[in-house]
Every structure is written in structure tokens, then in C-alpha cells.
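Below is one structure, written out as C-alpha cells; comments come after it.
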Amino acid sequence: MPSENSAQIPQHIAIIMDGNGRWAKQRGLPRLEGHRRGVETVRTVVDAARELGIRYITLYAFSVENWKRPTEEVSGLMGLLDYFLKRELNNLIKNKVRLLTIGRTDQLPANVQRELNRVKEATKEFTEWTLVLALNYGARTEVADAAKAYAAAVQAGTEKLDDASWENFARYLYTADIPEPDLLVRTSGEQRMSNFLLMQCAYSEMVFTPVLWPDFGKDDLQAAIDEYNKRERRYGLTTEQLKSVSK
Ligand code: IPE
Ligand code: IPE
Ligand code: MG
């Protein structure tokens, strides 16, 4: 066990990348320009996270609710996603980063699905670093999808209703093979979950920063980790109990 004061690198950081629109508005630019700059931040942050030793990074890129945005913005975002995947493939392979997705990706445009499959396939053997993109993701949709799959397994006889438990249910979530986030970061000053990983963040530490996503950099990531290191994760126990466990 590390001593009380030793800095710990979270194994998994999940980020709600927010503030692209406001970044653009502040500069009198179209919202899509903010998203373009946001894509550059993704590369910077994924590289920085790896350099810091963070094994999993999950980025909330498109929510199930985001389809309700103006058509032009939605198609612009899909175009950027396609561009990002094409551009990042070599970088991910070079750095041995595996790509995973969570969300209903089967409802994304066909060209985006093709690129996603290509990048996932090309990076599937990498085990050290994982980038998870939340695409057409909603926590409530995830729970509904998992409940449906769980019920189907009960019907098929591969699960027993009497064995129903959180641990068994969690195997049907999109995140079945992904550890829970240790740290959740949201940029842009908003302090809400916006339907992101509601179950998986039950015991995640949360850090909210006013920095807009296009301005977020390695120093901001480090600052969030420093804040994380000041927290005591108690999981319902008392400080005294934790001290006796870590001895
Ligand atoms: C986050 O930035 C990106 C997506 C939700 C796709 P926003 O577009 O939400 O930026 P703001 O919140 O309007 O500033
Ligand atoms: C959450 O941001 C979704 C993503 C970052 C992809 P939003 O900007 O959509 O969230 P709200 O609407 O402010 O809650
Ligand atoms: Mg927003």
C-alpha cells in the first residue's frame, strides 16, 4: 500500500469535454470551429494521459441527447469524428493505444461506423493503454440496453433470476470490460453529469474546472490529478478504518 502522502495516478480518468461552443462564441466564431479546436485537445490529452501513466481514458464525445442540436452542428460533429479517426489511426498504433467505444454506435453514420471498426480492429491487441470514446452514449440508455440483455439471458437460461446482483448486471453494461473511473473531470464550469456513466461513477472522485475544453491542456490534467490526490476515497468506511487497512 502506498503511504498516505504518496501521489497516485488514477488508473482511469473519464472526461466530459464541454465548452467548445462557448469557446467559439467568445471569439465570434461558428460553434463548429470550437469543436475543431476540441479535436486538437483530444490528441493532446490522450498523449498527456499516457505519458502520466493513466491506463484508461474515457471521453464523452457525443450524447444521445446531442442529436437534438441543429442538423448542421450534428453533421459537422460526425464529419469531425470521421476526420479524427482517420488522422489518429497511425498515432494510436504507434503508441499502442487500444480504441474502445461505449454507446449505441450502430446508429452513427455508416462511414463513421466503418472508421470505428477499422481503428478498433487495428488496435485490438494493445493492452497497456485504452482510449474509450463515448459515442451516442447515454447512461439511461445503457441501463435499458443492459436490462434487456440481462432479461434475454434469464429467458435463455444462461442467467438465473435468483442470482440477480449488481455484479452480474454490470456484465451487461457497455463498460463490462472497463474498470470504473477513479476520477471524473468536467470542463467549462458546468457541474452536472449530463447522463454520463451514472452507475460507474458511483464512487469516482469529481473535479470540475472552469477551463473550456479547447483550452484544456497537460497542466490542467495534472491539476485535476493533484486535486484527486488530496481526496480520501472512503467507500462508506471511516478514516480510522482506512488507516488500519493501509497499515
Ligand atoms: C462539448 O461542447 C462538445 C459536445 C457536446 C459535442 P459544447 O458544444 O457542449 O459546448 P458548449 O457547452 O455549448 O459551450
Ligand atoms: C455533455 O455535454 C455531452 C458531451 C460532452 C458529449 P452537453 O453540453 O451536451 O451537456 P448539457 O446539455 O450542458 O448538460
Ligand atoms: Mg455543452
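The values are calculated or read from the model by the stated rules, or taken from the named source; none is laboratory data. Bear in mind that the values here come from a model prediction, so they are computed numbers and not experimental data. FYI the Cβ positions are ideal-geometry reconstructions off the backbone, even for glycines, and counts take in every protein chain you see. Protein only, heavy atoms only, side chains kept; ligands, DNA and RNA dropped before computing areas. Shrake-Rupley method; radii C 1.70, N 1.55, O 1.52, S 1.80 Å.
Within segment 224-247, residues that are under 18 Å from Ile13 (Cα atoms) and modelled with pLDDT of 95 or more sit with their Cβ atoms under 7 Å from residues that are β-branched (Val, Ile, Thr) and not in a loop (DSSP other than H, G, I, E, B), at 6+ positions apart or across chains, in these pairs: Ala224/Val185; Ala224/Val207; Glu227/Val207; Tyr228/Val207; Glu232/Thr239. For beta carbons closer than 6 Å, sequence separation of 6+ or different chains, a first residue in segment 47-74 that is within 12 Å of ligand 3 (Cβ to nearest atom) and a second that is open to solvent by 40 Å² or more (accessible area, probe 1.4 Å) and charged (D, E, K, R), the qualifying pairs are Glu73/Arg31. Could you check, for segment 47-54, whether at least one of its residues is out of contact with any Leu (no Cβ under 9 Å at 6 or more places or on another chain), over 19 Å from Asp219 (Cβ atoms) and surrounded by fewer than 18 Cβ atoms within 10 Å (Cβ to Cβ)? No, there is no match, as no residue in segment 47-54 is out of contact with any Leu (no Cβ under 9 Å at 6 or more places or on another chain), over 19 Å from Asp219 (Cβ atoms) and surrounded by fewer than 18 Cβ atoms within 10 Å (Cβ to Cβ).
Applying the selection to segment 88-111, what residues are without any contact (Cβ under 8 Å) to a residue 24 or more places away in the chain and either more than 20 Å from the chain's Cα centre (by Cα) or in a loop (DSSP other than H, G, I, E, B) (or both)? It would help to see each step written out before you state the result.
Looking only at segment 88-111, we keep the residues that are without any contact (Cβ under 8 Å) to a residue 24 or more places away in the chain, and these are 90, 94, 106, 110.
Correct list: Asn90, Lys94, Ala110.
Against the conditions (1) surrounded by fewer than 22 Cβ atoms within 10 Å (Cβ to Cβ); (2) more than 28 Å from Val143 (Cα to Cα), Met78 satisfies every one except (2). Against the numbered list (1) under 26 Å from Ile225 (Cα atoms); (2) open to solvent by 70 Å² or more (accessible area, probe 1.4 Å); (3) not in a loop (DSSP other than H, G, I, E, B), Arg114 comes up short only at (1). Any residue that is of a type outside the set (A, V, I, L, M), more than 16 Å from ligand 3 (Cβ to nearest atom), in contact with a helix residue (DSSP H, G or I) (Cβ under 7 Å, 6 or more places away or on another chain) and over 27 Å from Thr71 (Cβ atoms) - is there at least one of those in segment 134-154? Within segment 134-154 (the criterion being of a type outside the set (A, V, I, L, M), more than 16 Å from ligand 3 (Cβ to nearest atom), in contact with a helix residue (DSSP H, G or I) (Cβ under 7 Å, 6 or more places away or on another chain) and over 27 Å from Thr71 (Cβ atoms)), the answer is yes, since at least one residue qualifies. All of (1) in contact (Cβ under 8 Å) with a residue 60 or more places away in the chain; (2) in a loop (DSSP other than H, G, I, E, B); (3) of a type outside the set (Val, Ile, Thr); (4) within 16 Å of ligand 1 (Cβ to nearest atom) hold for Gly38 with one exception: (2).
Close contacts from segment 6-32, counting a first residue that is part of a loop (DSSP other than H, G, I, E, B) and a second that is more than 15 Å from ligand 2 (Cβ to nearest atom) and basic (Lys, Arg), with Cβ to Cβ under 6 Å and a gap of 6+ residues or different chains, come to Gln11/Arg55.
Give the residue, chosen from Arg186, Arg233, that is more than 24 Å from Thr101 (Cβ to Cβ) and of a type in the set (Lys, Arg). Break it down stepwise before answering.
Numbers: Arg186 fails: more than 24 Å from Thr101 (Cβ to Cβ).
None of the other options fit; the residue is Arg233.
If you go through segment 1-35 and keep only what is more than 9 Å from ligand 1 (Cβ to nearest atom) and surrounded by 16 or more Cβ atoms within 10 Å (Cβ to Cβ), you end up with Pro10, His12, Ile13, Ala14, Ile15, Leu32, Glu33.
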